[in-house]
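The values are calculated or read from the model by the stated rules, or taken from the named source; none is laboratory data. All values derive from a computational prediction rather than experimental measurement. Here the Cβ positions follow ideal geometry from the backbone for every residue, glycine too, while neighbour counts run over all protein chains shown. With ligands, DNA and RNA removed, areas are computed over all heavy atoms of the protein, side chains included. Shrake-Rupley method; radii C 1.70, N 1.55, O 1.52, S 1.80 Å.
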Amino acid sequence: MFLIILCLLVLGYLSYASNQTVSRESFKAYWVAQRQRHADASGSLMASLVHKVLPGRVPRFVLNDFLVCSVVTLEGSGDMYVCWLGSWLALSTSPVPADGSAGGSSRPASVLSRRSNRGEDLAEAIDARAQAALDRANSAKKARNYTDAAHAYTEAGQQYAKIARSDMGAALDAATAYHQAANAWQHPSINDPARRANCLRAALDVLDRAPSISAGSGSDSAVLSRRTRLTEALAETYRNAGDPRRALAAYLALPPPVPRAVAAHVADLYAATGDFSGAYIAFRDLLKQCDGMPDYAFRAGEFALSMILCGLVTRQYSFLGSALEDADAQSAAWANSRERSFLDKLERFIDNDDIPAIDRHLDSWHAMLDGWRIGVLRGWIMTSRAQIDARRHFN
């Protein structure tokens with residue numbers, strides 16, 4: 001076992017070290033070499049000679065760095081390549097024409113049209129300036145100068161954004177650069193949530209201004225996936241910065257269906273912003289789902305407790321006992337949870353009108369009742385004293 005772990009650590013280090021040398025230029029060289037091999041293999045002497053003299057343009061692509069490997073996605077065709085341990089490998093590709101060209105699908109029609117007119121010089125100049133900014137950003141990042149890296153990534157995004165309205169590839173390149181800038185601003189050495197949020201909003205804005213694409217196409221799926229990731233990152237930035245209203249607005253902008261983890265964040269943010277009716281409905285829906293999803297049942301207690309608190313403050317429940325019965329009816333997954341144990345004891349203290357015991361009980365469970373929950377529960381107990389006394393005298 002020790003040798004296996006050691007080998008994995010060594011492999012991980014080698015993968016990380018080799019990935020530091022990966023650049024856009026290295027993929028371009030690989031792509032041109034691959035097209036030359038295809039042209040040579042076609043058996044056509046003319047195709048081989050033409051490709052050597054005019055190797056053609058590398059189609060627009062997005063390069064994503066995953067620390068131990070890098071993945072490239074070609075615009076239009078959706079072809080994917082991965083670089084691991086210094087070698088490029090094709091993950092999924094479309095057929096390559098015998099002449100070694102990129103094929104009709106490797107570049108959107110808008111790009112081909114733009115390249116064929118006098119706007120070509122402008123596009124090439126923008127590409128060059130953006131690439132220079134990306135090179136500076138990558139160098140600064142490797143030198144652990146994340147402030148300079150963030151500024152350079154932003155500059156690259158601004159360059160690509162100049163032609164994003166007519167070029168989907170440029171729009172995606174701009175969004176990628178802005179996202180990289182946002183990640184640099186998140187580094188612990190600088191950690192600037194406001195600037196991170198600005199970069200993420202810029203990335204979303206440039207995608208909104210990109211040319212329309214046909215629904216169901218590979219590019220449509222790529223743009224939707226990119227928007228979703230950026231929106232989730234923006235919402236998480238606001239949430240971590242203590243801005244629940246903006247975080248909630250960002251999460252609500254996500255297209256359905258949303259992941260369960262996001263739905264849980266949305267429910268919590270409803271409560272944090274004071275919308276306890278919305279939070280009650282959201283937590284109730286989450287609790288109902290727990291019985292049919294065993295891998296998510298461990299959160300049933302959390303959802304039940306939150307639903308009950310929201311139901312008490314909005315008068316969905318008259319007493320804690322009726323809230324417990326309703327939660328039991330929604331899901332059996334929370335029956336043995338710590339939250340159920342906590343509420344059972346709290347109900348007994350309330351029945352006895354034992355305020356000191358209630359305070360001690362709440363203090364002992366303060367960690368579980370973080371955020372809005374402890375305030376809501378204490379407030380409900382204080383405002384419900386008259387009802388608690390009336391119930392005790394009635395019984």
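Here are the numbers for this structure:
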{"quantity": "Derived scalar couplings ³J(HN,Hα) [region 12-18; Karplus, 6.51 cos²θ - 1.76 cosθ + 1.60; whole Hz; x for Gly, Pro]", "calculated": "x, 5, 4, 5, 5, 5, 5"}
{"quantity": "Carbon plus sulfur fraction of accessible area for region 247-306, probe 1.4 Å, in percent", "calculated": "62 percent"}
{"quantity": "Rg/Rg_globular for region 153-296, with Rg_globular taken as 2.2 N^0.38 Å and Rg from C-alpha atoms", "calculated": "1.17"}
{"quantity": "Check: region 255-324 dipole with +1 on Lys, Arg Cβ and -1 on Asp, Glu Cβ, in debye", "calculated": "120 debye"}
{"quantity": "Relative intensity, log₁₀ I(q)/I(0), of region 137-217 from a Debye sum that treats every alpha carbon as a point, q = 0.18 Å⁻¹", "calculated": "-0.67"}
{"quantity": "Region 238-373 - accessible surface per residue (Å², probe 1.4 Å)", "calculated": "48 Å²"}
{"quantity": "Potential extension, residue 277-residue 205 segment - 0.36 nm per residue separation minus Cα distance", "calculated": "22.7 nm"}
{"quantity": "Protein-only accessible surface order, largest first, of 151, 361 at 1.4 Å", "calculated": "151, 361"}
